[in-house]
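To start, the structure itself, in structure tokens.
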Amino acid sequence: MTTEMSGADILIQALNDQGVEVVFGYPGGAVLPIYDALFNQQRIKHILVRQEGGAAHAAEGYARSTGKPGVVLVTSGPGATNAITGIADAMMDSIPMVVITGQVGTPLIGSDAFQECDTVGITRHVTKHNYLVKDPAKLGDIIHEAFHIATSGRPGPVVIDLPKDVQVATAPYRRTNTSALPHRGYKPAIKGDLTAIEQAIELLSKAERPMIYTGGGIINSGPAASMVLRELVKLTGAPVTSTLMGLGALPASSPQWLGMLGMHGTYEANMAMNQCDVMLCLGARFDDRVTGRLDAFSPHSKKIHVDIDRGSINKIVRVDVPIIGDVGRVLEDMVKLWKAREYQPRDLKPWWNTIKTWRDRNCLAYPASVESGEIVPQHAIRKLWEATHRQQPIITTEVGQHQMWAAQHFDFESPNKWLTSGGLGTMGYGLPAAIGAQLGNPKALVIDIAGEASIQMNIQEMGTATQYRLPVKVFILNNEYMGMVRQWQDLTYGGRYSSSYSDSLPDFVRLAEAYGWKGIRIERPDQLEQGIADMLAHDGPVMVDCMVAKMANCFPMIPSGASHTDMILDPAQVSGVMDDEAKALV
Amino acid sequence: MHIQQQETERHTLSVTVDNEAGVLARIAGMFTARGYNIDSLTVADVTEDDSISRITIVTTGTPAVIEQVVAQLDRLINVHRVIDLTERGNFVERELALVKVVGTGEHRIEALRLADVYRARVVDATTGSFVFEVTGSSEKIDKFIELMGEIGLVEVARTGVAAIARGKEAV
Ligand SMILES: Cc1ncc(C[n+]2csc(CCOP(=O)(O)OP(=O)(O)O)c2C)c(N)n1
Ligand SMILES: [Mg+2]
């Protein structure tokens with residue numbers, strides 16, 4: 001006979017059995033029994049954030065940088081609703097996360113009790129799965145299943161709503177193995193269909209203009225997937241591009257790397273996507289920011305799509321060879337088959353010559369200085385890269401122009417170093433994500449490349465970094481505008497800057513100091529190097545307020561509603577007005 | 001600017017799911033969240049231990065949308081299996097309706113005559129009304145209701161479609 005434990009103790013025990021080291025959370029009435037159970041143990045480290053939204057993003061940063069699931073603990077009602085943005089963000093970017101929310105006692109559910117909300121109802125569409133636990137005897141199995149679901153197949157967030165009486169009531173606990181879990185219908189595909197893989201290899205080997213398009217799936221599959229990708233890339237000799245989420249899977253220094261694709265991708269990547277004859281899509285999902293105008297998307301190619309999520313296949317673009325499975329495993333099979341059959345790629349010289357003409361446009365070029373004497377934002381990012389890349393830093397970002405500039409100008413050589421909100425595009429992601437990443441990688445240099453508007457969305461988390469002595473660096477590209485919004489207003493709405501000016505900004509240096517951080521201001525190009533050096537020299541958290549050109553816009557760009565071949569390379573091409581059809585596509 | 005419409009098809013799907021709280025909300029919610037249509041949905045548990053329910057969904061959409069409906073249903077953790085019966089072909093589809101007709105004299109006699117043709121049974125009668133029970137394909141029931149509309153129809157309750165593949169094989 002096993003001894004009975006309280007629901008709260010079962011939770012802690014199950015988290016221990018799952019190997020959880022860090023929980024990001026915030027207490028409240030409906031989780032007090034759990035907080036009491038946390039108080040009595042040492043193994044799990046609880047990180048007290050300043051707002052539950054911060055907890056969810058911190059868990060994302062932890063998960064994406066370590067490959068382990070992030071764990072969040074929040075109270076009922078407002079605690080749960082505050083966490084929703086981060087949960088939705090994790091859903092869109094396929095981040096493994098388990099969120100425990102307190103709930104009012106089961107007899108009170110449905111009575112509009114104090115701090116009650118229908119958490120399973122509200123989170124249903126932004127979670128991979130969710131539970132309301134009414135029986136403490138089922139809690140253990142549910143927690144283990146939640147971790148299994150969050151981390152397997154296409155990863156995602158799982159919410160466990162835990163009423164207060166279930167936390168207090170007792171029941172036996174057993175350590176379950178996955179085969180005994182409640183949902184027998186859940187069996188994610190791992191190995192891809194071999195005939196389809198053969199077909200894919202056959203197509204690739206015959207291609208005259210092959211193109212490999214990778215996404216976040218490769219990162220999610222684990223570092224091994226990036227290694228086999230490199231092998232396949234060598235074997236096939238094909239050029240490679242990636243989505244925002246997949247940066248780092250192939251080293252940016254690889255001669256076969258064409259840079260990111262899509263709306264702010266490189267000219268060569270987008271042109272090659274348009275002109276290729278065989279496209280191999282690996283763990284990406286043909287997002288609208290990637291495809292541009294659909295009816296003009298890569299019109300001449302045979303398309304192979306490898307994805308673990310059957311729902312991603314043929315959702316937006318019809319493909320010729322769908323392969324459902326873990327992209328790492330499928331890549332292994334592809335490499336094996338390629339070698340076993342001793343395939344040789346065709347002569348790809350003509351293709352690479354064409355690519356060279358596109359590369360020669362040098363689409364990411366920027367002036368190192370401008371007449372106004374302002375700092376060129378791309379230059380600031382490049383300087384930051386120069387000063388830090390040898391340390392293989394983890395970079396997080398907020399959302400906006402700075403995010404796109406970081407994606408374009410900060411080169412990544414390995415996976416799990418680039419943490420950004422891609423699918424949901426959540427301003428306020430970067431600082432808490434950096435905190436989570438720093439906790440998961442105590443020795444790493446972690447930098448949030450931020451915008452002055454975005455950083456204010458979760459600025460309260462500076463206190464969290466101070467409390468846990470996390471030496472995160474926040475590098476604000478301060479253009480005094482919601483730059484990305486202003487850019488669209490330039491391009492689409494005749495330069496009418498409706499509410500896109502960042503008025504009444506705080507003094508970021510003094511704000512940093514108020515939180516016990518170091519604050520640095522960089523105002524002129526000649527201060528860049530020293531400012532960055534000072535930031536790196538300080539062993540605590542640092543906020544850098546780097547004043548950059550206010551009116552700079554991010555190029556190249558595929559305007560909304562346009563195809564890959566209609567890129568704007570240079571600001572002078574901007575028309576400033578757009579028809580309704582294009583506006584509706586935004 | 002105008003929004004364009006595309007050709008759609010009607011498909012009957014059979015979905016087996018874990019019989020637990022919230023499953024229906026998940027399925028119905030998935031349809032609304034992704035903008036798919038539900039024409040009819042029936043659900044009941046079909047196992048002795050009440051562990052599995054069978055849901056029959058009739059949906060309309062473009063072929064690409066139907067393919068996505070199946071894939072998106074399949075992604076739900078509680079869903080065991082999704083079968084597109086229309087895609088497979090060769091299946092039986094039945095629906096039951098209770099139809100209340102009010103009237104006197106000629107109308108009553110005509111109602112009974114039509115009911116006979118449609119093999120509808122009288123399950124309740126008063127001097128001024130009948131309730132008919134009619135089973136069959138949705139089209140047959142549509143037709144029956146349409147006819148009754150001319151002779152005193154006041155109320156209809158329909159079950160929605162239940163469907164199963166023909167032949168020896170079980171899903
Ligand atoms: C939570 C949230 N609200 C609104 C937006 C829309 N949005 C996208 S970029 C942007 C401006 C960001 O400004 P800033 O952080 O200063 O970055 P910049 O573009 O200037 O580099 C806004 C408002 C968003 N992405 N997220
Ligand atoms: Mg800005």
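Structural remarks
- When only Cα pairs below 8 angstrom with a gap of at least 6 residues are kept, segment A:377-554 shows a relative contact order of 23 percent.
- Antiparallel DSSP beta bridges within segment A:4-180, percent to nearest 5: 10
- Only aspartates and glutamates eight or more places from A:LYS550 in sequence, or on another chain, were considered; those with a Cα closer than 14 Å are A:GLU371, A:GLU374, A:GLU452, A:GLU480, A:ASP490, A:ASP503, A:GLU523.
- Each residue of segment A:540-545 was assigned a 3J(HN,Hα) from its phi angle through the Karplus expression (A = 6.51, B = -1.76, C = 1.60, θ = phi - 60°), giving x, x, 9, 10, 10, 9 Hz with x at Gly and Pro.
- Phi-based couplings in Hz for segment B:102-110 (Karplus 6.51, -1.76, 1.60; Gly and Pro marked x): 10, x, 9, x, 3, 4, 5, 5, 5
- Cut-off under 5 Å, modelled amide H: who pairs with A:HIS46 long-range: A:VAL23
- Amide hydrogen proximity for A:TYR481: with H placed 1.01 Å from N in the peptide plane, the residues at 5 or more positions away or on another chain lying under 5 Å are A:SER502.
- Three-way shape call for segment A:4-180 based on the alpha-carbon gyration tensor, with the a/c threshold at 1.5: rounded
- Whole-Å distance, taken between Cα centres, linking segment A:1-51 and segment A:361-375: 52
- Global form of segment A:378-442, assessed from the alpha-carbon gyration tensor, a/c cut-off 1.5: oblate
- Trypsin sites (Lys or Arg not before Pro) lying in DSSP loop within segment A:42-105, provided at most 14 other Cβ fall within 10 Å: A:ARG43
- Across chain B, the mean sequence separation of Cα contacts (distance under 8 Å, 6 or more residues apart), normalised by length, yields a relative contact order of 26 percent.
- Sparse-neighbour loop sites [trypsin sites (Lys or Arg not before Pro); segment B:116-171; at most 15 other C-beta within 10 Å; DSSP]: B:ARG119, B:ARG166, B:LYS168
- Span from the segment B:132-171 Cα centroid across to the segment A:270-346 one, whole angstrom: 45
- What you get for the protein assembly as shown, charging only the Cβ of Lys and Arg (+1) and of Asp and Glu (-1), is a dipole of about 1600 debye around the Cα centre.
- For A:HIS129, the residues 5 or more places off, or on other chains, whose built amide H falls under 5 Å of its own are A:VAL159.
- Over 28 Å between alpha carbons, listed pairs B:LYS100/B:LYS168; A:LYS191/A:LYS302; A:LYS134/A:LYS191; A:LYS191/A:LYS303; A:LYS234/A:LYS315; A:LYS164/A:LYS473: B:LYS100/B:LYS168; A:LYS134/A:LYS191; A:LYS234/A:LYS315; A:LYS164/A:LYS473
- Restriction of the trypsin sites (Lys or Arg not before Pro) in segment A:156-221 to DSSP coil positions whose beta-carbon has at most 16 other beta-carbons within 10 angstrom yields A:ARG174, A:ARG175, A:ARG184, A:LYS191.
- Sequence-distant contacts, meaning Cα pairs under 8 Å at least 6 residues apart, place the relative contact order of segment B:92-163 at 52 percent.
- Residues in segment B:50-62 carry Karplus couplings, in order, of 6, 8, 10, 10, 10, 10, 10, 10, 9, 9, 10, x, 5 Hz; the curve used is 6.51 cos²θ - 1.76 cosθ + 1.60 with θ = phi - 60°, and Gly or Pro positions show x.
- Antiparallel DSSP beta bridges within chain A, as percent of all bridges there, nearest 5: 10
- Positive-end extreme of charge dipole, chain B - chosen from B:VAL156, B:VAL23, B:HIS107 (charges on Cβ): B:HIS107
- Part-to-part distance (alpha-carbon centres) for segment A:75-145 and segment A:538-571, which is given in Å: 37
- Beta bridges per DSSP with both ends in segment A:377-554, % antiparallel, nearest 5: 5
- Look at the Cα gyration tensor of chain A: its axes a ≥ b ≥ c give a/c of at least 1.5 with a/b at or below b/c, and that counts as oblate.
- If R0 is 25 Å, the Cβ-Cβ spacing of B:ALA33 and A:LYS138 corresponds to a FRET efficiency of close to 0.35.
Each value in this text was obtained by applying a stated rule to the coordinates, not by laboratory testing. Computed from a predicted model, the values in this text were never measured in an experiment. Virtual Cβ from ideal backbone geometry, glycine too; neighbours counted across all protein chains shown.
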